[in-house]
Each structure stands twice: as C-alpha cells, then as structure tokens.
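See structure below.
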Amino acid sequence: MTPIALSVNGRKVQALVEPRTHLADFLREHCRLTGTHLGCEHGVCGACTVLIDDEPARSCLTYAVQCDGLAVQTIEGFNADPIMQELRTAFSREHGLQCGFCTPGMLIAARDIVRRLPDADARRIRVELSGNLCRCTGYLGIINAVESVIAARASKPTAVTSQAAAPPPAPLQAFAPTGEVARASMAAPTPAPEEAHKGWTRFEESFVVARPPQAVWTIFADIPAVAACLDGVELTEHDASTAKGKMTVRLGPIQAGFSGSAVIERDDRALRGTIRGAGSDRGTGSRTKGEILYRLAPEAAGQQTRVFVTVEYSLQGALAQFSRSGLVLELGRRLVADFAANLNARLVGAQMRAAPRTPFNAGRFLWSWFIDELRRRFGR
Ligand code: FES
Ligand code: FES
C-alpha cells in the first residue's frame, strides 16, 4: 500500500492505496464519486474523463498513486462552474444525451473545448470530441450543444470564466468510510475499534515511561527514533504524517520481511495518535493491515507517563494461521514490551536492549512462551 495525498474537487484527501488501483476506481469506490463512469477501461471511450491539474485525462489509464500531490476534478466538482452550467442547459435543449452514460466525460471534454478554443466551428468540435464515444444519442445534438455555448459566449465578451469561479480549497475532508482508504483519510473521526474492524485481532497494552508526557509526546513525533525502538524495523522514507519501511520477523526457519507504509495522525491537545498501515511479504505471500491507537496520561505527579496502546491487525496469506491463536497476542504484547524497554533506555541514555534492525526473533519468544506454559500448567 502506498500513501497518497491529493485534492479531489478542492478537498484534500490522504489515503493508502494499492499501486495497481487506477484513479477511476479510487474515485468511485473509495471517494464514492460515481459520476466518473467506466466503459472500456483501456482509454478508448472517454467515459472516465476527469481533470488532473486542470487538464482532461483518462482516469482508467491513470494510477491513483500518480496523482499524489495533484488536483483532480470530477463531474461532481463543477456545480458552481458557469461553463458547465451553460453546457448542461445546452445538452438538455439540443438532446445531447439519452442514457447519460457518456455524459460526464463528454461534458468535461466539451468544457475544455469551450475554454481552449473560443473560435471552434462544428468541424473542429467533432475532431476535438473524437476521443469520447456515445452509444445512443448520435453526435449531432452534442456538437450542436457545444457549438451553441461557444457562440453564446462569443456574443458576450464579459462572460465569466471558469477559473474565476473556481471554488477555494476546502479543509481536509473524509469521504464515506467504506474501506481501508477511507479509514486512512486524515479528517475521519477515529471510529470505535469494535465497529470499525470486524474480524481483526485486537489487544490492548500499557506501559510506563520515566519522563513527563510532553517529553514522551515529543519523542513520539520523531519517527526515526520511534522506529529505532522497534526491533526488526527499518525506516526507508518518512515525513511528518507518512512513513515507509520494512519489518523483518524471524520464526524458526521462516523469515518474513513486511514492506509497507503508514499514515500517522497526531492530536497535540489530547496527546493521542493513530498509526494506520499496511504491508506485504513477497516470500510468504502474506499481507497485513493494522492500526495502532496510543494515548499518553501523566503518572507520579506528572513525572512519568503511562502509554496506553490499542493494536488491531489482520493477517492474510501463509502466516495467517499465526494470527488467530492466543500465542500471537502474547507475541504482540512482547513486541510492545520490548518497544517500551527500548524507549525507556533511549530516554535515560542507556543502551537499547536489542540492536535496532535486528529481525524480531519470534522463534526465541515462542520457545520462552512454551517453557512458561509448561511451568504454568504443571506448576514448576
Ligand atoms: S473507461 Fe476510460 S477511456 Fe473508456
Ligand atoms: S447518451 Fe448514452 S452513451 Fe451517450
């Protein structure tokens, strides 16, 4: 999964997406903007046309990850656009649509013609619209509609341009929470875990750090420092709100290296944060998605901090068998305990218990867990 941040109809969206997801699927399935239609899905029909950085583009031929940092505008984003209003009226008047399947792409292409070619005649409009196919209406009504808008605007030199009426960017906005990408949206309220992640494995843990909450909060913002406290984790890229890296886990003869990425949210006032991530291991064909919620609370008259952690994850593939046992919960708890020990060691300037980037040795843990179980069951 790859983190992306883009603007969709003036709203900022952050999400984790599969690199193979094309923009049309991202808009329809995760942003719930179904006005972008899919016909051929290989660049011929034009039904999926949207604007990317103000240029018409086939969203079926564009990967969502290619739109990182760009502005996308779909047919839903033109409600206040004067050229689009004129085109809609003209399409209705000239019978430029029947079933309407081609119409969103046709309107976006037509608006581009009106803006770019104020002198276009019927022949030029036909050439310009040749990348948009219509199965039912025939093209005469569509050509007439576009031609009539160009003619009407030519007779009114002070006609309002689309750029002047463009809406200002809206603040971070979450779309309907229908999947992992929507869950990753920065503005989404943190859902109650029980409701949000049915079927995921979940455990809660807490530990104490020998520093006041603000000092712990500051170090939690230092992503390389946090990664260095997690055995087997290697950070490859990061900024304030996203991170990419790899976690290596060794289980006897099996060594799994999960490459993945995460989106990080922090609430400075409440001293709480969320890390949502996903990764996969090619060697075992396993995939995982997870979410860590953490919250800091003062202890010992504010001289220490209790860190409350809730971990939820799902595991698919060859390693999934390990995700359902009580044993794996213990393994998660041991990971958290090692992290706490390393964090405390770092804060007091001591050497960390395990060297960073050492694979997390689950086999070593399983053996000690097995011995503990024997002792517990047989009382020795
Ligand atoms: S669906 Fe994209 S061009 Fe046909
Ligand atoms: S109006 Fe039906 S495909 Fe164009």
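Things worth noting here:
- Formal net charge of residues neighbouring residue 218 (Cβ-Cβ distance under 13 Å; K, R +1; D, E -1): +1
- Using only alpha-carbon positions in the range 82-161, the gyration tensor eigenvalues give semi-axes of 20, 13, 11 Å once each is multiplied by 5 and square-rooted (largest first).
- For the range 2-78, the spread of Cα positions along the three principal axes, ordered from largest to smallest, is 29, 27, 21 Å.
- Environment charge at residue 128 (Cβ cut-off 13 Å; Lys +1, Arg +1, Asp -1, Glu -1): +2
- Mean separation of Cα contacts under 8 Å, 6 or more apart, over the residue count of the range 2-78: relative contact order %: 40 percent
A short reminder: the numbers here are calculations on the coordinates, not readings from a lab. Predicted, not measured: the structure shown is a model, and the values here were computed from it. All Cβ positions, even for glycine, are placed from backbone atoms using ideal geometry, and neighbour counts span all protein chains on display.
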